[in-house]
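Notes for the one structure printed next.
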Ligand SMILES: Cc1ncc(COP(=O)(O)O)c(C=O)c1O
């Protein structure tokens, strides 16, 4: 495995530093810092007795809650052991000849495609220029990242798979549906499959303007992928799901491990999606912290901030040496941020940072600011 294939490597980090895993302040995995909704603990305690039976392979109770929440039919939903299982199932069952991935991207899209013999075509995002290189550091251009729809379009043929991800890991951008829905419908009609990874969408309070769900009823080849592990802080329990046409869902259900979603995960997710109060508390916290991030990181010299739409943000240091010093300082303090050097199209100056509770965000920022000041004084 490559050194930074994913964030969240808290067990390795704790072992290296000889500290308890609970002492690690992890800014490298984008998990809701409020922890699972309060009812989850009770639901799990109550469900413990059920582990002596096989879990429900039809996921009836949890699907009913998800169908109600999303306003779709249970037969349009497939549950999995994390969004990962849905990505993998879709790739295995739909078996595209070629997979178009927009980079930088979550590394598993290309990894899974290759595992199933699909040729991977990488197309870079366009825009995303915050500051022009070589011009004074106050020259702000602020060109947002855009999905390269016409470049993708040139490649898409019947039987191919296009993977899109919004809100996007690692840039933190969410693109409103109106920007890409026509292109997605055209690719669908051309006979291509479209996998829309919406693993972070629950962090948006206005998700209706962003989600691909309204396309499902008329686009039989679109699969929307969601994750419960980020918003509901359940990465160690695992739960994700896909939404698509009943026909595609039926094909995927017919070719899966029937018991991959354990009983405790089904019960935890059933109560999580019923908890509107938890979502509202999360959105209120996130709005406040996004403003704090913009004010603090946005005014730090030698750092470009890509403004967040969800619970993480991307930054670019002006210099690799500075970025490395920040990593070292964080490490000494038991904090991890995500080095983005293995994201295609980014590099050693980029870091992705999860937004945590205010005290932690302040602590991280002040540590980084001290390193930046010290570094600048030697330039
Ligand atoms: C964009 C994206 N999709 C999917 C996943 C996998 O999510 P899960 O934990 O539900 O398998 C991740 C995990 O980091 C991710 O960043």
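Computed from the coordinates by the stated procedures, all read-outs in this text should not be read as laboratory data. Small disclaimer: the values here were computed from a predicted structure and weren't measured. Using ideal geometry, Cβ is built from the backbone for each residue, glycine included, and neighbour counts are taken over all protein chains shown.
Taking only the Cα atoms of region 1-113, the radius of gyration and Dmax are 18.4, 49 Å.
Model label sites at residue 257 and residue 190, defined 7 Å from Cα along the beta-carbon direction, differ in position by 3.5 nm. Compared with the dominant Cα axis of the chain, that is its longest principal axis, helix 358-377 is turned about 40°.
Quick one: length gained pulling residue 218 to residue 299 fully straight, 0.36 nm per residue minus the C-alpha distance? Extending this stretch completely gives an extra 24.6 nm. The peptide list 66-78, 307-319, put in order of mean Cβ contacts within 10 Å with the highest first, becomes 307-319, 66-78. In this rough spin-label picture, where each label sits 7 Å from Cα along the Cβ direction, the residue 377-residue 22 distance is 3.7 nm. Contact order, relative form, for region 38-275: 29 percent (alpha carbon pairs under 8 Å, 6 or more residues apart, mean separation divided by residue count).
Extension gain, residue 281 to residue 54, is 78.3 nm, computed as 0.36 nm per intervening residue step minus the present C-alpha separation.
Helical runs (DSSP H, four residues minimum) scored at -39500 (n - 2.57) apiece and divided by the length of the chain put the mean residue ellipticity at 222 nm at -11000 deg cm²/dmol. Using every pair of distinct Cα positions in region 215-324, the Kirkwood expression returns a hydrodynamic radius of 17.5 angstrom.
A simple packing score, the average count of other Cβ atoms within 10 Å per residue, orders the peptides 341-354, 116-129, 254-267 as 341-354, 254-267, 116-129, with the highest score first. The Cα center of region 85-113 and the Cα center of region 191-257 differ in position by 14 Å. A Förster radius of 51 Å, combined with the Cβ-Cβ distance separating residue 363 from residue 155, puts the computed FRET efficiency at roughly 0.70.
Here region 38-275 yields Rg over Rh of 1.00, to two decimals, using C-alpha coordinates and the Kirkwood radius.
The Rg/Rh ratio of region 130-264, with both radii computed over alpha carbons and Rh defined as the Kirkwood radius, is 1.04. The Rg/Rh ratio of region 285-379, with both radii computed over alpha carbons and Rh defined as the Kirkwood radius, is 0.93.
Between 0 and 90 degrees, the angle of helix 320-332 with respect to the longest Cα principal axis of the chain falls at about 80 degrees.
Based on DSSP, what percent of beta bridges with both residues in the chain are antiparallel, to the nearest 5? The answer is about 55 percent antiparallel.
Fewest-first ordering of 366, 168, 155 by other beta carbons within 10 Å of each residue's beta carbon gives 366, 155, 168.
With the cut-off at under 11 Å, measuring from each backbone N in region 233-251 to a point 7 Å along the Cα-to-Cβ line of residue 11 picks out no residue.
Residues 333, 369, ranked from the fewest to the most other C-beta atoms within 10 Å, line up as 333, 369.
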